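A.B. asks: Next up is a structure, given as structure tokens.
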Amino acid sequence: MEGKELLKDASGYRCEAKFRADYDAKYGEHQITVSIRQMVMDLVNELPELGEKDIFQEALICLKNDAGRAAIIMVWNIAFYHLCQYILKHKLAEFNNRIPLRYPKKWKAADMPLIKRYEDFGDEMSEREVIEVANSATIITGTIHKVYVEKLGKRNDAAHPSQAHITQIQAEGFIDDLINNTVRLLTI
């Protein structure tokens, strides 16, 4: 090897930044990387709300800069926001009616949450509870439920300090699955 193209530290070997940039320029990116980035860019144009668009733009920046943890967290937030907006606009009565049936022992009758606006979801219920009520009320399908539950666990791994290492490919797979199997299926 010439110079310091391959560097070693406590976590193992890695390529020096200039060498890696030259290599990437010469050999390009994986097709899946290009596809996921394009999907995120395309989705920005499909989303109805400016807030969603802004977060996806920032998630794309994270994705381009190999910040997989940040991209996972941001895409999760927008997918959960999208679910809440879907409920508010199309299924609010069904959702509110199902809360006492799904969680009969959690709240006293007088304290039962009544969701009226987006902020009420976070004030009154955990993300998991929202997903479970939506599934129980058949607001979302079993497949969408399964994806949301799995991705919530992965988001938690990304959001909290842990020994879990998140690679670019893992982040891309997370985003692909979450966008295609939840957000695109819930039309606001």
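A.B. asks: To make sure I understand, if each residue's beta carbon is the centre and we count other beta carbons within 10 Å, what order do His160, His90, His82, His145 fall in, fewest to most?
C.D. replies: Values: His160 9, His90 14, His82 22, His145 18.
By the 10 Å Cβ count, ascending, the order reads His160, His90, His145, His82.
A.B. asks: Which whole-Hz couplings ³J(HN,Hα) result when phi for each residue of the range 77-85 is put into the Karplus expression 6.51 cos²θ - 1.76 cosθ + 1.60, θ = phi - 60°, listed in order with x for Gly and Pro?
C.D. replies: Ordered by residue, 3J(HN,Hα) equals 4, 6, 5, 5, 4, 4, 4, 4, 5 Hz.
A.B. asks: Something else: What do you get for trypsin sites (Lys or Arg not before Pro) in the range 61-157 restricted to DSSP loop and a cutoff of at most 12 other Cβ within 10 Å of the site's Cβ?
C.D. replies: Details: sites: Lys64, Arg69, Lys89, Lys91, Arg98, Arg102, Lys105, Lys106, Lys108, Lys116, Arg117, Arg128, Lys146, Lys151, Lys154, Arg155; in loops: Lys91, Lys105, Lys106, Lys108, Lys116, Arg117.
In loop regions of the range 61-157 (DSSP not H, G, I, E or B), the sparsely surrounded trypsin sites (Lys or Arg not before Pro) are Lys105, Lys108, Lys116, Arg117.
A.B. asks: What number results when the radius of gyration of the range 76-188, computed over Cα atoms, is divided by 2.2 N^0.38 Å? Could the numbers behind the result be given before it?
C.D. replies: Numbers: Rg = 14.7 Å, N = 113, 2.2 N^0.38 = 13.3 Å.
Here the answer is 1.11, to two decimals.
A.B. asks: Each residue of the range 93-103 in turn: what ³J(HN,Hα) in whole Hz from Karplus with 6.51, -1.76, 1.60 and θ = phi - 60°, glycine and Pro shown as x?
C.D. replies: 4, 4, 5, 4, 5, 8, 3, x, 6, 7, 10
A.B. asks: Amide H of Glu16 versus every other amide H placed in the peptide plane: which residues, excluding those fewer than 5 positions away on the same chain, fall under 5 Å?
C.D. replies: Under 5 Å from the amide H of Glu16: Leu6, Leu7.
A.B. asks: Could you run the Karplus curve 6.51 cos²θ - 1.76 cosθ + 1.60 with θ = phi - 60° over the range 114-131 and give me ³J(HN,Hα) per residue in whole Hz, x for Gly and Pro?
C.D. replies: Result, rounded to whole Hz: 10, 7, 10, 9, 4, 4, 5, 4, x, 6, 9, 9, 7, 4, 4, 5, 4, 4.
A.B. asks: On a straight-distance basis, which lysines could pair with Lys146 in a cross-link, Cα separation under 27 angstrom, same-chain partners fewer than 8 positions away excluded?
C.D. replies: Straight-line reach from Lys146, under 27 Å: Lys53, Lys89, Lys91, Lys105, Lys106, Lys116, Lys154.
A.B. asks: Convex hull over the alpha-carbon atoms of the range 104-152: what's its volume per residue in Å³? Please list the in-between numbers first.
C.D. replies: Values: hull volume 4.4 nm³, N = 49.
Cα-based convex hull of the range 104-152, divided per residue, equals 90 Å³.
Bear in mind that the values in this text are calculations on the coordinates, not laboratory data. Note that this is a predicted model, so its numbers are computed, not measured. Positions of Cβ are backbone-derived with ideal geometry, glycine not excepted, and every protein chain shown enters the neighbour counts.
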